[in-house]
Every structure is written in structure tokens, then in C-alpha cells.
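Q: The following block contains the structure, expressed as C-alpha cells.
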Amino acid sequence: AGTAADMVETVLGAITLKANSLGAVGEGIRVKAWGTVAANANAKTIRLRFGGVAGDILVLNDVTTAPNGVDWELDAHIYFASPTNQEAIAEGQVGAVLQSKNWSQPRQNEAVNVDVSLTGQNGVAAANDIVFKGMVVEMLT
């Protein structure tokens, strides 16, 4: 899936964790998402979120903000802290450039389903500036 010819943050890929998937301290998930960007100088923002499009940002391409014709990969580990608190460490790479590592404390209610989402947002209204190729979520116990 790729971005539309607009500048709206859009979910390009998502996996839903069933309620209470992370039910105990020490349990977690590992997320890896990947894709490509168009060969142009447009600004492009790729975000990995926990909790859907309005959820917590785990990592984004904050160093390479106008990637040009390269592949990208975002990775995160999210661990249960309490029923409404998690701890996460995430990082990304765009082309050969590492993005900022980010430690965060998402605040998603695990008593309900929670989406792990990859979003794309164009800086110029051009279709397929960001293309999502895949996502893997692994359970960690």
C-alpha cells in the first residue's frame, strides 16, 4: 500500500493485537515494518505507532526527512508494564542512515484490541511517495 496524492497521515499497514495479548510484566512484542520511498526530494514522514493513527509514536524518520529513492525499516520492542502502560524502545533506518533511537512509555489500554500501525504522510500531494511493503509482529515471553 502506498500514500495517496494528499498530505494526510494515513495508515498503510496495521496488525491488531487482541485484548490482553501482553498480560504480564516481561511479556512483549517485537515489530518490524519496511518499505520504499519514491525517487524525489519531497518531504516524507514514516511513523510506527502503537494504538492506531492517533496512538503513540514509537519511531519515525526524524533524521532523513526527505528520503529519495531508498528502502526503509522501522523496528520496535514493546513490553507490558501494567494494563494501561507499556515501555518501548524503537529505532529505524532510511537508506544507509540510522534514525534517532526512541524510548517511550505508550499508554494504551490492553483490555481492548490495540493496533500496531505503520503510517505515511507526504509533504507534497504525490501518490506513492511512501510505499509500505510488510510488517511482522513477534510475541516475546
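Q: Could you grab me the full set of residues in segment 36-63 that are more than 16 Å from Val124 (Cα to Cα) and open to solvent by less than 30 Å² (accessible area, probe 1.4 Å)?
A: Leu48, Arg49, Phe50, Gly51, Gly52, Gly55, Leu58, Val59, Asn61
Q: So which residues in segment 124-141 are open to solvent by 40 Å² or more (accessible area, probe 1.4 Å) and over 16 Å from the mean Cα position of the chain (by Cα)?
A: Val124, Ala125, Ala127, Asn128, Met139, Thr141
Q: Ok, one more. Name the pairs whose Cβ atoms lie under 7 Å apart, with the first residue in segment 49-62 and within 19 Å of Tyr79 (Cα to Cα) and among the acidic types (Asp, Glu), the second open to solvent by less than 10 Å² (accessible area, probe 1.4 Å) and not in a loop (DSSP other than H, G, I, E, B), and 6 or more positions between them or separate chains?
A: Close Cβ pairs (under 7 Å, with a partner that is open to solvent by less than 10 Å² (accessible area, probe 1.4 Å) and not in a loop (DSSP other than H, G, I, E, B)) amount to Asp56/Phe50.
Q: Please specify each residue of segment 19-67 satisfying the condition of being in a loop (DSSP other than H, G, I, E, B), modelled with pLDDT of 95 or more and of a type in the set (S, T, N, Q).
A: Across segment 19-67, the qualifying residues are Asn40, Asn42, Asn61, Thr64, Thr65.
Q: Name the residues in segment 19-35 that are under 17 Å from Met135 (Cα atoms) and open to solvent by 40 Å² or more (accessible area, probe 1.4 Å), would you?
A: Arg30, Lys32, Trp34
Q: Moving on. Mind listing whichever residues of segment 1-18 are open to solvent by 40 Å² or more (accessible area, probe 1.4 Å) and more than 17 Å from His77 (Cβ to Cβ)?
A: The answer is Ala1, Ala4, Ala5, Asp6, Met7, Val8, Glu9, Thr10, Val11, Ala14, Thr16, Lys18.
Q: Quick check on segment 81-97: of everything there that is in contact (Cβ under 8 Å) with a residue 40 or more places away in the chain and closer than 19 Å to Ser117 by Cβ, which residue is surrounded by the most Cβ atoms within 10 Å (Cβ to Cβ)?
A: Gly92
Q: If you scan segment 106-141, which residues turn out to be in a loop (DSSP other than H, G, I, E, B) and under 24 Å from Met7 (Cβ atoms)?
A: Gly123, Val124, Ala125, Ala126, Ala127, Asn128, Asp129
Q: Same structure again: Scan segment 108-120 for residues that are touching a residue at least 60 places away in the same chain (Cβ under 8 Å), surrounded by 19 or more Cβ atoms within 10 Å (Cβ to Cβ) and out of contact with any Leu (no Cβ under 6 Å at 6 or more places or on another chain) and jot them down.
A: Matches in segment 108-120: Val116, Ser117, Thr119.
Q: Of the residues Trp103, Trp72, which is assigned to a strand (DSSP E or B), open to solvent by 50 Å² or more (accessible area, probe 1.4 Å) and more than 16 Å from Val137 (Cα to Cα)?
A: After ruling out the rest, the residue left standing is Trp103.
The values are calculated or read from the model by the stated rules, or taken from the named source; none is laboratory data. Note that the structure is a prediction, hence the values are computed from the model and not measured. Don't worry about glycine lacking a Cβ; one is built from the backbone with ideal geometry, like all the others, and counts go over all protein chains shown. We work out accessible area using only protein heavy atoms, side chains counted, and drop any ligands, DNA or RNA first. Shrake-Rupley method; radii C 1.70, N 1.55, O 1.52, S 1.80 Å.
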